[in-house]
2 protein chains.
Amino acid sequence: MGSLPLELFQPLDPDVFSKESHAVVDFIADYYREIEQYPVRSQAEPGYLSKLLPDTPPIFSEPIDTILEDVKKDIIPGLTHWQSPNFYAYFQANASTAGFLGEMLCSGFNVVGFSWISSPAATELESIVMDWMAKMMKLPSMFLFSGAQGGGGVLHGSTCEAVVCTLAAARDKALSKIGHDSITKLVVYASDQTHFTVHKSSKIIGIPPCNFRVIPTTASSGYGLTADAVRSVMKEDISQGFTPLYLCATVGTTAIGAVDPLLELGQVAKEFGAWFHVDAAYAGSSAVCPEFRRYFDGVELADSISMNPHIKWFLTNMDCCCLWLRSPTELVNSLSTNPEILRNNASDAREVVDYKDWQIALSRRFRAMKLWLVIRRYGMVGLMEHIRSDVGLAKHFEKLVKMDKRFEVVVPRRFSLVCFRLKPRFDDDDDDDDDDDDDDDGLKINIRLLDAVNSSGRAFMTHAIVGGRFVIRFAIGTTLTEMQHVDATWKLIQGIAKGLLLADHS
Amino acid sequence: MGSLPLELFQPLDPDVFSKESHAVVDFIADYYREIEQYPVRSQAEPGYLSKLLPDTPPIFSEPIDTILEDVKKDIIPGLTHWQSPNFYAYFQANASTAGFLGEMLCSGFNVVGFSWISSPAATELESIVMDWMAKMMKLPSMFLFSGAQGGGGVLHGSTCEAVVCTLAAARDKALSKIGHDSITKLVVYASDQTHFTVHKSSKIIGIPPCNFRVIPTTASSGYGLTADAVRSVMKEDISQGFTPLYLCATVGTTAIGAVDPLLELGQVAKEFGAWFHVDAAYAGSSAVCPEFRRYFDGVELADSISMNPHIKWFLTNMDCCCLWLRSPTELVNSLSTNPEILRNNASDAREVVDYKDWQIALSRRFRAMKLWLVIRRYGMVGLMEHIRSDVGLAKHFEKLVKMDKRFEVVVPRRFSLVCFRLKPRFDDDDDDDDDDDDDDDGLKINIRLLDAVNSSGRAFMTHAIVGGRFVIRFAIGTTLTEMQHVDATWKLIQGIAKGLLLADHS
């Protein structure tokens, strides 16, 4: 298929669609087969791609084979391979066949379900699948459409969107009582472990940056937020004329997988009239397994809860974030619009959900198709097995770290994330030689270890700073990761560490 | 593939991936082949799907064939078919093979390019393709990365996101001078034709709803905003102690495709120090054709400009919105975060773009892959042909309407949207019989006409109210639409109109 004569330009011809799509399926399947050949973290230098691609668009159409050759030659070397079994950085973006198939159907139908009428199945499947997810996580019925207490859920593109929308709902609910001029008196609360998205979202919705409280956590509470700390800050704020607006608690923090105590925090939020949001972006998926459900005790006090089936842990390709609300009406009050151009009988009769009023944008993808496909294709048994298998690998890695006296696990592992480091002054010989690393609590040697692993191209991990200590994060959950990969990566880490330690003491 | 024994749970096995993906490609190709058999607007009743699907998720995995059968049996009847050639509602969401292939690669790689290092190719391809798009639209070099004046572009998921982000940037720039307490003094300006997303976004970022000015337009300016009207409202606001923050001009409004005069409006915005945003969501694509480029004269005065290659007009499957900024630094100042967990050498050295600071969310899809594929597969020639072909069909439809004296084209057609209606009192016999429609300026009969067309399942159109008149919008642009479909739909409209008129006068 070279450049086509104008009169034949049919960019959705089913036969061409079929032929070229099959070619891309084969291309992606081969990519997965060969993925271990590529450096996990791209070794490209900044600006590499502009040296390879023309700086103007092509005049004429190009055949798909040529384009795929260029993807292989020019794009793949610049990818950091999130689907590599040796990707342990950030949190995983665990793709799956079912997630991919769901994306294909979403993109193939390409419907825009902003209102019920604009594609009833898109809206209704989303409501059904949100109830399914809530049931799998054993959320209280108040968050379900079928719970008949007015709750319900929606699929967003990201946790940040979920936080922006719930913050806006909380803000408008508060300002309707105290007047819009008081927007500068509203305060948002989070811990020093809370994802920065809460701070960013709070800025986006117009809360003054100085009204964002970062409450410190410590090792004694496992880096969880304590009710006493929150209560004390809220009391102080009220005495200064501020209004507590929004408290975000996290189940499975980004840096180290810490868990805030929902029950105690929910009670404090109620006490002070603040919106209580639970961010379970990472660990929400674990609630499908009974052994992890206890971390969600107290979620019945939440106004809203979000979790990510996409980047994180539920085998759902990007993008897909679940948000449930106790009272969607509060969200809709803040975000709804009713332009003439979208008016229709079903919406006017108020007998349907119009998801455009549950989110930032008007347009929306048919994400429910994807999540529905993942749940059906793998079933609860498969999804539980997936979570447990990752946690099992993390336990295995934790054991390996603990068996090597040069290393330590820095914070308790709760899910599939292990935070470890080379111990500072591991050798206990207390000699006062010129080993600078003795004075920096292991900072430099762990940075060197991490850089060396990542530069090897054989694994990719990232870091965090916890209680002042630099730790290496080993986040397990990429779909292709198996025991053999964890073992090989541990040997790689040990080998590099050995070299670094020898160099330091030579 | 039934339920699998636990030890074999491999949800990204390349062979299974390949087999099941091929099956879904065939399923979608058949869907396109059969699409004209389905009612364009779903005929489902509210709640239809919960009667068909179980209310709990499956325990065990289900085979893909069963799931696809259910998609056909349960989901497709609930879809409003945006890819049907007889879809003329809202604006088109024009899918294409290349757009679909791009989505497949995006979903298959499933990389998360929030920072450059997290997938250099995702960031760099996006910067390159944004420059390509800008060059195709002949935007001034100040909006290009290669323009060396500090500009650049980013892909968002929706216009609303682009507006929220630019509003936040404008707000923070203004408040950095006058203090955060003045947030209640900031005013946003738009016309009565501006997309409601600007009002919604303005609320989201904390501007009091009463500080949103809706400036009326009239037929005499083709429903475009006039500089005099804006100047007068801004002057009045300043005299009341308010600060003009943000003016949104539109090229191709949603209701009727009107065009605001960018040059004059840009000058007023500069005069009053307001951020000037150009929303070219719909008609931005037309700028690739020289004959439409004049509508963008004055864009050099804009602080930001957005357009949608996705729902609208550039053959790019959902989602994809282009946003260019004269000074991305202002956006980044408002939206940037620098958490320890994402720190890396490339970002610390400030030698790369980190797109997380150009958008609301942290996570982001590899949308550039899709847009790059569309541009390469079809080339500038193909894309221009696509725009011209749609405009040609709209001209043809316009001619058909004008040839039938019972109908009228209500506002001048500029692009591929025709706004028409059955004339009120078309028969000129001035009899004072009991025809109620004589008194409502054609409202009831046009509502009945629209309802009847949509209920027939043979086409789907929507409406707008312009200058108090109810008009039917005929938006051409679905990829599969050909002359034969436009002709058949016109005959359908004529036939239904004939019946209605006969009934009215019997």
Study note, to complete from the structure: Residue set B:Leu325, B:Leu373, B:Leu331, B:Leu335; condition modelled with pLDDT of 95 or more and under 30 Å from B:Gln484 (Cα atoms); output residue B:Leu373
Point to revise | The listed residue being under 30 Å from A:Ile256 (Cβ atoms), open to solvent by 40 Å² or more (accessible area, probe 1.4 Å) and of a type outside the set (Val, Ile, Thr), out of A:Gln92, A:Gln37, A:Gln43, A:Gln83 | key: A:Gln43
**Study point:** Among the residues listed as A:Ile375, A:Ile341, the single one being surrounded by fewer than 21 Cβ atoms within 10 Å (Cβ to Cβ), within 11 Å of chain B (Cβ to nearest Cβ) and part of a helix (DSSP H, G or I)
**Key:** A:Ile341
Review point. Where in the range B:5-114 are there helices (runs of 4 or more DSSP H), lying wholly inside it, with at least 1 residues that are more than 24 Å from A:Leu125 (Cβ to Cβ), in contact (Cβ under 8 Å) with a residue 60 or more places away in the chain and within 8 Å of chain A (Cβ to nearest Cβ)?
Key: B:97-109
Exercise for review: Please find, among A:Ser220, A:Ser118, A:Ser191, the residue that is hydroxyl-bearing (Ser, Thr, Tyr), crowded, with 21+ Cβ neighbours inside 10 Å and away from chain B (no Cβ under 11 Å).
Suggested key: A:Ser191
Study note, to complete from the structure: Note on the range A:132-143: residues more than 7 Å from chain B (Cβ to nearest Cβ) and open to solvent by 10 Å² or more (accessible area, probe 1.4 Å) are A:Lys138, A:Leu139, A:Pro140, A:Ser141, A:Met142
Review point. Yes or no: A:Asn333 closer than 23 Å to B:Gly206 by Cα and free of Cβ contacts under 8 Å to residues at least 12 places away in the same chain?
Key: no
Practice item. Only residues that are under 31 Å from the mean Cα position of the chain (by Cα) and either modelled with pLDDT under 95 or crowded, with 20+ Cβ neighbours inside 10 Å (or both): list them for the range A:1-34, please. Key: A:Ser21, A:Val24, A:Val25, A:Ile28, A:Ala29, A:Tyr31, A:Tyr32
Study note, to complete from the structure: Residues of the range B:239-255 being assigned to a loop (DSSP other than H, G, I, E, B) and surrounded by fewer than 24 Cβ atoms within 10 Å (Cβ to Cβ), in sequence order, are B:Gln240, B:Gly241, B:Phe242, B:Ala255
Practice item. Determine, yes or no, whether A:Val230 is over 19 Å from the mean Cα position of the chain (by Cα) and either modelled with pLDDT of 95 or more or among the aliphatic types (A, V, I, L, M) (or both). Key: yes
Study note, to complete from the structure: Restricting attention to the range B:163-184, the residues that are facing another protein chain (nearest Cβ under 10 Å) and either crowded, with 24+ Cβ neighbours inside 10 Å or touching a residue at least 40 places away in the same chain (Cβ under 8 Å) (or both) number exactly 9
Exercise for review: Give the number of residues within the range B:197-217 that are open to solvent by 40 Å² or more (accessible area, probe 1.4 Å) and touching a Phe, Trp or Tyr at 6+ places or on another chain (Cβ under 7 Å).
Suggested key: 2
Study note, to complete from the structure: Of (1) surrounded by fewer than 24 Cβ atoms within 10 Å (Cβ to Cβ); (2) assigned to a helix (DSSP H, G or I); (3) more than 7 Å from chain A (Cβ to nearest Cβ), B:Val129 fails just (1)
Check your understanding: Name the residues in the range A:387-400 that are closer than 15 Å to A:Gln494 by Cα and touching a helix residue (DSSP H, G or I) at 6+ places or on another chain (Cβ under 8 Å), would you?
Key -> A:Phe397, A:Leu400
Check your understanding: Does A:Arg413 qualify as being open to solvent by less than 40 Å² (accessible area, probe 1.4 Å), at pLDDT 95 or above and under 29 Å from B:Ala361 (Cα atoms)?
Key -> no
Practice item. Return a yes/no flag: does the range B:299-310 have any residue that is in contact with an Asp or Glu (Cβ under 9 Å, 6 or more places away or on another chain) and modelled with pLDDT under 95. Key: yes
Practice item. Within the range A:291-317, work out how many residues are in contact (Cβ under 8 Å) with a residue 12 or more places away in the chain and either open to solvent by 10 Å² or more (accessible area, probe 1.4 Å) or at positive phi (or both). Key: 11
Exercise for review: Could you pull out the residue among B:Ala255, B:Ala280 that is touching a residue at least 60 places away in the same chain (Cβ under 8 Å) and not basic (Lys, Arg)?
Suggested key: B:Ala255
**Study point:** strands (runs of 3 or more DSSP E) fully within the range B:141-237 counting 2 or more residues that are within 18 Å of B:Val251 (Cβ to Cβ) and in contact with a helix residue (DSSP H, G or I) (Cβ under 8 Å, 6 or more places away or on another chain)
**Key:** B:152-156, B:186-191
Study note, to complete from the structure: How many residues of the range B:263-290 are buried (at least 24 other Cβ atoms within 10 Å of the Cβ) and among the aromatic types (Phe, Trp, Tyr)? The answer is 2
Practice item. Being part of a helix (DSSP H, G or I) and more than 21 Å from the chain's Cα centre (by Cα) narrows it down to one of B:His386, B:His396, so name that one. Key: B:His396
Exercise for review: Please enumerate the residues belonging to the range B:392-410 that are open to solvent by 10 Å² or more (accessible area, probe 1.4 Å), more than 14 Å from chain A (Cβ to nearest Cβ) and in contact (Cβ under 8 Å) with a residue 60 or more places away in the chain.
Suggested key: B:His396, B:Leu400, B:Asp404, B:Arg406, B:Val410
Check your understanding: Looking at B:Arg367, is it farther than 27 Å from A:Ile256 by Cα, in contact with a strand residue (DSSP E or B) (Cβ under 6 Å, 6 or more places away or on another chain) and more than 10 Å from chain A (Cβ to nearest Cβ)?
Key -> yes
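The values are calculated or read from the model by the stated rules, or taken from the named source; none is laboratory data. Small disclaimer: the values here were computed from a predicted structure and weren't measured. Counting neighbours? That spans all protein chains shown, and the Cβs are built from the backbone with ideal geometry, glycine included. These area figures cover heavy atoms from the full protein model, side chains too; ligands, DNA and RNA do not enter into them. Shrake-Rupley method; radii C 1.70, N 1.55, O 1.52, S 1.80 Å.
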